[in-house]
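Visitor: Attaching a single structure in structure tokens format; questions to follow.
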Amino acid sequence: QAQLVESGGGLVQPGGSLRLSCAASESTLDSGFTFEHYAIGWFRQAPGKEREGVSCISSSGRITNWADSVKGRFTISRDNAKNTVYLQMNNLRAEDTAVYYCAAQLGWSVRYMCQSRGNEFDTWGQGTQVTVSS
């Protein structure tokens, strides 16, 4: 099964910034997974809450979508040459604290992907913890 790898999480004070990365694992790439064909979405799950879409990007990078809660603060981008998608998070708030996951999907719109809770997707990473606290 294809697998993604998230990195870049950590502890940050309110108002601070982090940049998360999502990349296909080496074994996944070796198996023939074509990262550049997949839309990539960032999702997060906080304690006691359901998983929610955060920001998503089309395979080409030309179409992006954000949850209302992060619009204007988070920026998603991708570098298909590096098989990596980034989530730049600025002006972080305590409510952004969660485990952040990325997922890959093929054939659905970016808008729908971001508005979903990710239950339909098979390709995920293990997650990276983001904690916003003073």
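Visitor: Condition check: assigned to a loop (DSSP other than H, G, I, E, B) and not basic (Lys, Arg). Does Leu92 satisfy that?
Guide: So Leu92 passes the test.
Visitor: Taking segment 75-94 on its own, how many of its residues are free of Cβ contacts under 8 Å to residues at least 24 places away in the same chain, in contact with a strand residue (DSSP E or B) (Cβ under 7 Å, 6 or more places away or on another chain) and open to solvent by less than 70 Å² (accessible area, probe 1.4 Å)?
Guide: Number of matching residues: 1.
Visitor: Checking the conditions here, which among Ala24, Ala2 is modelled with pLDDT under 95, crowded, with 22+ Cβ neighbours inside 10 Å and not hydroxyl-bearing (Ser, Thr, Tyr)?
Guide: Just one listed residue meets the conditions, Ala24.
Visitor: Look at segment 1-46 and say how many of its residues are farther than 19 Å from Lys82 by Cβ and in contact with a helix residue (DSSP H, G or I) (Cβ under 7 Å, 6 or more places away or on another chain).
Guide: Here the count works out to 1.
Visitor: What are the pairs with Cβ atoms under 7 angstrom where one residue, in segment 112-127, is in contact (Cβ under 8 Å) with a residue 40 or more places away in the chain and the other, located anywhere, is open to solvent by 100 Å² or more (accessible area, probe 1.4 Å)? Sequence gap at least six, or different chains.
Guide: Cβ pairs passing all conditions: Arg117/Glu50; Asp122/Gln1.
Visitor: Another question, if that's okay. Which of (1) farther than 16 Å from Arg73 by Cβ; (2) open to solvent by less than 20 Å² (accessible area, probe 1.4 Å) does Gly53 not meet, given it meets every other one?
Guide: (1)
Visitor: Here's another thing I want to ask about it. Considering only segment 27-36, I want to know if a residue exists there that is in contact with a Lys or Arg (Cβ under 8 Å, 6 or more places away or on another chain) and either touching a residue at least 24 places away in the same chain (Cβ under 8 Å) or surrounded by fewer than 19 Cβ atoms within 10 Å (Cβ to Cβ) (or both).
Guide: No, segment 27-36 contains no residue that is in contact with a Lys or Arg (Cβ under 8 Å, 6 or more places away or on another chain) and either touching a residue at least 24 places away in the same chain (Cβ under 8 Å) or surrounded by fewer than 19 Cβ atoms within 10 Å (Cβ to Cβ) (or both).
The values are calculated or read from the model by the stated rules, or taken from the named source; none is laboratory data. All values derive from a computational prediction rather than experimental measurement. So basically every Cβ, Gly included, is an ideal-geometry build from the backbone, and we count neighbours across all protein chains shown. These area figures cover heavy atoms from the full protein model, side chains too; ligands, DNA and RNA do not enter into them. Shrake-Rupley method; radii C 1.70, N 1.55, O 1.52, S 1.80 Å.
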